[in-house]
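Novice: After the structure tokens below, expect a handful of questions from me.
The values are calculated or read from the model by the stated rules, or taken from the named source; none is laboratory data. Note that the structure is a prediction, hence the values are computed from the model and not measured. Counting neighbours? That spans all protein chains shown, and the Cβs are built from the backbone with ideal geometry, glycine included.
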Amino acid sequence: MKIICKQEKLIKALNIVSKAVSQTSTLPIMKGILIKTEGDLKISLSATDVQLSITTGLDAIVNEKGGIVVGARIFTDLIRKLPSGDILIMTDERNNVSIKTEFSEYDISGKLEEEFPRIDTDEEGKQIRLNKELFKEMIEGTAFAAAIDESKGIITGVLFELTGGVLSLVALDGLRVAIRRERTDIIEEETIKAIIPGRMMKEISKILAESTGDEEIMLDIGESRLRIFAGETLVRASLLAGEYVNYKDILKESELKVVTGRNELLSAVERASMLKSDGKESGVRFSIGDKAITLSSRAEEGKGKETVFAEKEGEDLEIGFNARLIIEALRTIPDDEIELNCKTGSSPCLIRPIEGDRFEYLIMPVKLSSFSV
């Protein structure tokens, strides 16, 4: 193989495919990236950890066709530190990889293309087209709430559901529920459902941010895998099997409705959360009264109080929250104003838009005594 490509384009492609390089496998080939020629003016880069596979393409001058697997860490680190401009990459019969620029020359060991794990090209599933930025925003607004502990099974995934022209993403971890909805012009006779691992959804969001080309992406949803076509990049992710948690039964409106500014509330909670005891999550007390929410926090080193103006319908209420859960939800909400729905100090709080149902964040409260000293 003998190719010439631009350093800046190569490093962008490496940043994308590196997200699928295995971090835990004991097999060296799983920690590699496959570089392969695709005609006379294109090369592709691929990486896989079996559950997540990524292939992306870039322009190059192909003088000799072929393929080689390089160690992801050493190759990426080296290319990143080279100056911008043309890079010549050549291989020999012993799988050595020569990397040359005008003033630099390096040789590293490679492995045969045939040793690289085969990335399945499954039969087509249900195909839909979505706006790339919209889908990325929906992922960012939900994936953070998926459970991280693998022992929690199905709730480590994000539910993808398309029904009646409405696309929903849902994630939960036992302490909160995050939902984003968008109306589309996609009308399917049957509901399309898939449960995508939260870890992979976070990586997909990053890939969409880095991908160039079309504003639209295509999703191909099969029984056990999801494929995403975004410009020059193809992502293949394994799906979780099973039935998702019935979250809809707990999304109930309450008599107490509080309208307040998202930015003002977020800033106040962030400041209040700075006071916390060592080794403990920061807790914030919400005292909801006429015209204002008073936030207070207390720890060994001191105490603090914030006031946020609000409009209230219903009785006064005191309720406590894990500050991190409130902050993570508020940071992803696109609206300037939000509505808080609360029933009692021990019932979940529902954060909603003033109008419509584009997002819903349900957060479990904590006992007021649990963060007092």
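Novice: Just one of the numbered conditions (1) closer than 17 Å to Val259 by Cβ; (2) in contact with a Leu (Cβ under 7 Å, 6 or more places away or on another chain) is not true of Gly356; which one?
Specialist: (2)
Novice: Here's another thing I want to ask about it. Checking the conditions here, which among Ser84, Ser44 is closer than 22 Å to Thr233 by Cβ and touching a strand residue (DSSP E or B) at 6+ places or on another chain (Cβ under 6 Å)?
Specialist: One residue alone meets the criteria, Ser44.
Novice: Restricting to the stretch 31-46, and then to whatever is out of contact with any helix residue (DSSP H, G or I) (no Cβ under 8 Å at 6 or more places or on another chain) and buried (at least 19 other Cβ atoms within 10 Å of the Cβ), can you tell me which residue is farthest from Ile11 (Cα to Cα)?
Specialist: Filtering the stretch 31-46 for residues that are out of contact with any helix residue (DSSP H, G or I) (no Cβ under 8 Å at 6 or more places or on another chain) and buried (at least 19 other Cβ atoms within 10 Å of the Cβ), the one farthest from Ile11 (Cα to Cα) comes out as Thr37.
Novice: Here is a further query. Could you say which residue among Arg298, Arg331, Arg262 is more than 30 Å from Gly157 (Cβ to Cβ) and either touching a residue at least 60 places away in the same chain (Cβ under 8 Å) or crowded, with 17+ Cβ neighbours inside 10 Å (or both)?
Specialist: Exactly one of Arg298, Arg331, Arg262 is more than 30 Å from Gly157 (Cβ to Cβ) and either touching a residue at least 60 places away in the same chain (Cβ under 8 Å) or crowded, with 17+ Cβ neighbours inside 10 Å (or both), namely Arg298.
Novice: Within the stretch 183-196, which residues are among the β-branched types (Val, Ile, Thr) and modelled with pLDDT under 95?
Specialist: Thr184, Ile186, Ile187, Thr191, Ile192
Novice: Across the stretch 333-372, what is the number of residues that are of a type in the set (Val, Ile, Thr) and more than 25 Å from the chain's Cα centre (by Cα)?
Specialist: The qualifying residues number 3.
Novice: Let me confirm something: among Ile293, Ile338, which residue is in contact (Cβ under 8 Å) with a residue 24 or more places away in the chain, crowded, with 16+ Cβ neighbours inside 10 Å, among the β-branched types (Val, Ile, Thr) and closer than 22 Å to Leu175 by Cα?
Specialist: Ile338
Novice: Kindly establish whether Gly164 is in contact with a Ser or Thr (Cβ under 9 Å, 6 or more places away or on another chain) and not assigned by TED's automatic domain parsing to the domain that holds Asn322.
Specialist: Yes: the conditions hold for Gly164.
Novice: Restricting attention to strands (runs of 3 or more DSSP E) lying wholly within the stretch 146-241, give those where 3 or more residues are touching a residue at least 60 places away in the same chain (Cβ under 8 Å), surrounded by 15 or more Cβ atoms within 10 Å (Cβ to Cβ) and in contact with a Phe, Trp or Tyr (Cβ under 6 Å, 6 or more places away or on another chain).
Specialist: Ranges flagged: 176-183.
Novice: Got a sec? Which of Ser273, Ser267, Ser287, Ser282 is in the same structural domain as Pro353 (by TED's automatic domain parsing) and free of Cβ contacts under 8 Å to residues at least 12 places away in the same chain?
Specialist: Going through Ser273, Ser267, Ser287, Ser282 in turn, just one is in the same structural domain as Pro353 (by TED's automatic domain parsing) and free of Cβ contacts under 8 Å to residues at least 12 places away in the same chain: Ser267.
Novice: So if I check each of Arg199, Arg271, Arg180, Arg176, which one is under 28 Å from Leu10 (Cα atoms) and at pLDDT 90 or above?
Specialist: When all the criteria are applied, what remains is Arg199.
Novice: Looking at (1) under 19 Å from Ser46 (Cβ atoms); (2) in contact (Cβ under 8 Å) with a residue 40 or more places away in the chain, can you tell me which one Glu114 breaks?
Specialist: With (1) under 19 Å from Ser46 (Cβ atoms); (2) in contact (Cβ under 8 Å) with a residue 40 or more places away in the chain applied to Glu114, the lone miss is (2).
Novice: Report yes if Glu318 is in contact with a helix residue (DSSP H, G or I) (Cβ under 8 Å, 6 or more places away or on another chain), farther than 25 Å from Phe359 by Cβ and charged (D, E, K, R), otherwise no.
Specialist: Here the answer is yes, as Glu318 does meet what is asked.
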